[in-house]
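Notes to accompany the following structure.
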Amino acid sequence: NGRFVWPIKNTYKRSGLGIVHDQSNTGQTVYVEPVQVIEPTNDMKRLELELLQEEARIIGEMTRLIAISKDRILGSLDAAALVDISVARAKLGDVLGGAVVPEVGTEGCISAVDARHPVLVLRGRNPVGNNIHIQKDKPGLVLTGPNAGGKTIVLKTLGLLALLVRLGIPVPAQRGVRVDFFSPILADIGDMQSVTGDLSTFSGHLLVCKEVLSKAASGALVLMDEMGSGTDPAQGVAIAQALLEALLETGARVAITTHYVQLKELAQKDDRFVVGAMEFLDGKPTYRFKEGAVGESY
């Protein structure tokens, strides 16, 4: 309890050495405060009490001053947070390997040279960069090519570039890149099958498509992987084409991947689309996107 004591044998506890304060569990040892240190220890205890009282007084005064200056302090905290976040954004841009601040507009355009998937860059994978363009007069982008050729990576790169811009983070691409502000950013990528939700693969996709179509509007970016898959190809391509045309009617910018020949042909015939393919040379994917080409579905 903050007292200075000797541990001595129980037989000496009445020797007049000092005050017994406690004993061991066995009772063989007692803890005696020597007479010589009792008064100095009392003085120390009084000083410690005075110190606690002074600390309480200072804390109370500080609390009063903080309450008076609450609004200014909270404003300073907010400003410090903004500075901290801005520095973090810039540092993330450095980590992304020479990322640049893009030109940002509101016309729904993306024009990026050597655009790289941010997550792959952060993983140190040195991903292949691609030139990706979505223009105001060509709001649809159709990605074709072989399985495991990189279509979905390009699709996700588009979405991640748009998200980085919304957060004010530099994007991994060459200087001169333009990525406009998109809102909302909508995606159907992956398998929505759910046993607990009683959803098949196809019905899961349909529910996502319904949600995407209800939220699509001018200023939106829509990304859809393997649109119309999971059912009879003839019916799937009809659904996909109808959805694709409906999305463009809303004024949204749309990028899709597909293996359907009919969608590839639509993209070639309809001047609202840009069609491109993931390169496949000597039996191997190069992961490079070639605008204007139509890829085979290996």
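The values are calculated or read from the model by the stated rules, or taken from the named source; none is laboratory data. Quantities reported herein were computed from a predicted structural model and do not represent experimental measurements. Cβ coordinates were reconstructed from backbone atoms using ideal geometry, including for glycine residues, and neighbour counts include every protein chain displayed. Keep in mind that these areas ignore ligands, DNA and RNA; they rest on the heavy atoms of the full protein, side chains included. Shrake-Rupley method; radii C 1.70, N 1.55, O 1.52, S 1.80 Å.
Return the residues of the stretch 266-282 that are part of a helix (DSSP H, G or I), surrounded by fewer than 20 Cβ atoms within 10 Å (Cβ to Cβ) and in contact with a strand residue (DSSP E or B) (Cβ under 8 Å, 6 or more places away or on another chain); say none if nothing qualifies.
Gln268
Applying the selection to the stretch 158-175, what residues are open to solvent by 10 Å² or more (accessible area, probe 1.4 Å) and either among the small types (Gly, Ala, Ser) or in contact with a strand residue (DSSP E or B) (Cβ under 9 Å, 6 or more places away or on another chain) (or both)?
If the condition is that a residue be open to solvent by 10 Å² or more (accessible area, probe 1.4 Å) and either among the small types (Gly, Ala, Ser) or in contact with a strand residue (DSSP E or B) (Cβ under 9 Å, 6 or more places away or on another chain) (or both), then Leu160, Leu163, Leu164, Val165, Arg166, Gly168, Pro170, Gln174, Arg175 are the ones that fit.
For the subset of the stretch 135-190 comprising residues that are of a type in the set (Val, Ile, Thr), part of a loop (DSSP other than H, G, I, E, B) and over 24 Å from Glu211 (Cα atoms), which member is farthest from the chain's Cα centre (by Cα)?
Among those residues, the one meeting the criterion is Val177.
Would you check which residues across the stretch 14-39 are within 19 Å of Asn1 (Cα to Cα) and of a type in the set (D, E, K, R) and list them?
Asp22, Glu33, Glu39
Answer with yes or no whether Val35 is surrounded by 10 or more Cβ atoms within 10 Å (Cβ to Cβ), more than 52 Å from the chain's Cα centre (by Cα) and among the β-branched types (Val, Ile, Thr).
Yes, satisfied.
Tell me which of these Thr144 doesn't satisfy, since it passes every other one: (1) of a type in the set (Ser, Thr, Tyr); (2) free of Cβ contacts under 8 Å to residues at least 60 places away in the same chain; (3) in contact with a Gly (Cβ under 7 Å, 6 or more places away or on another chain).
Result: Thr144 passes all but (2).
Okay, residues lined up against (1) under 23 Å from Lys264 (Cβ atoms); (2) touching a Gly at 6+ places or on another chain (Cβ under 9 Å); (3) at pLDDT 90 or above; (4) open to solvent by 70 Å² or more (accessible area, probe 1.4 Å):
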| residue | (1), (2), (3), (4) |
| --- | --- |
| Gly98 | no, no, no, no |
| Gly105 | no, no, yes, no |
| Gly108 | no, yes, yes, no |
| Pro139 | yes, yes, yes, no |
| Lys156 | yes, no, yes, yes |
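Rundown of residues vs (1) exposed (fewer than 11 other Cβ atoms within 10 Å of the Cβ); (2) over 19 Å from the mean Cα position of the chain (by Cα); (3) free of Cβ contacts under 8 Å to residues at least 12 places away in the same chain, yes/no style:
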position: Thr26; (1), (2), (3): yes, yes, yes
position: Pro40; (1), (2), (3): yes, yes, yes
position: Arg46; (1), (2), (3): yes, yes, yes
position: Glu55; (1), (2), (3): yes, yes, yes
position: Asp71; (1), (2), (3): yes, yes, yes
position: Ala79; (1), (2), (3): yes, yes, yes
position: Ile85; (1), (2), (3): no, no, yes
position: Val119; (1), (2), (3): no, no, no
position: Gly124; (1), (2), (3): yes, no, yes
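Only one of Leu248, Leu263, Leu244 is in contact (Cβ under 8 Å) with a residue 40 or more places away in the chain, part of a helix (DSSP H, G or I) and surrounded by fewer than 20 Cβ atoms within 10 Å (Cβ to Cβ). Can you tell me which?
Leu248 is the lone residue from the list that is in contact (Cβ under 8 Å) with a residue 40 or more places away in the chain, part of a helix (DSSP H, G or I) and surrounded by fewer than 20 Cβ atoms within 10 Å (Cβ to Cβ).
Return a yes/no flag: does the stretch 197-207 have any residue that is more than 30 Å from the chain's Cα centre (by Cα), exposed (fewer than 14 other Cβ atoms within 10 Å of the Cβ), of a type outside the set (Asp, Glu) and over 25 Å from Val113 (Cα atoms).
Among the residues of the stretch 197-207, not one is more than 30 Å from the chain's Cα centre (by Cα), exposed (fewer than 14 other Cβ atoms within 10 Å of the Cβ), of a type outside the set (Asp, Glu) and over 25 Å from Val113 (Cα atoms), which makes the answer no.
Provide a single number: the residues in the stretch 119-134 that are closer than 25 Å to Arg89 by Cβ and assigned to a loop (DSSP other than H, G, I, E, B).
6
Taking into account only those residues within the stretch 214-223 that are without any contact (Cβ under 8 Å) to a residue 40 or more places away in the chain and buried (at least 19 other Cβ atoms within 10 Å of the Cβ), which is nearest to Leu155 (Cα to Cα)?
Looking at residues that are without any contact (Cβ under 8 Å) to a residue 40 or more places away in the chain and buried (at least 19 other Cβ atoms within 10 Å of the Cβ), I get Val222.
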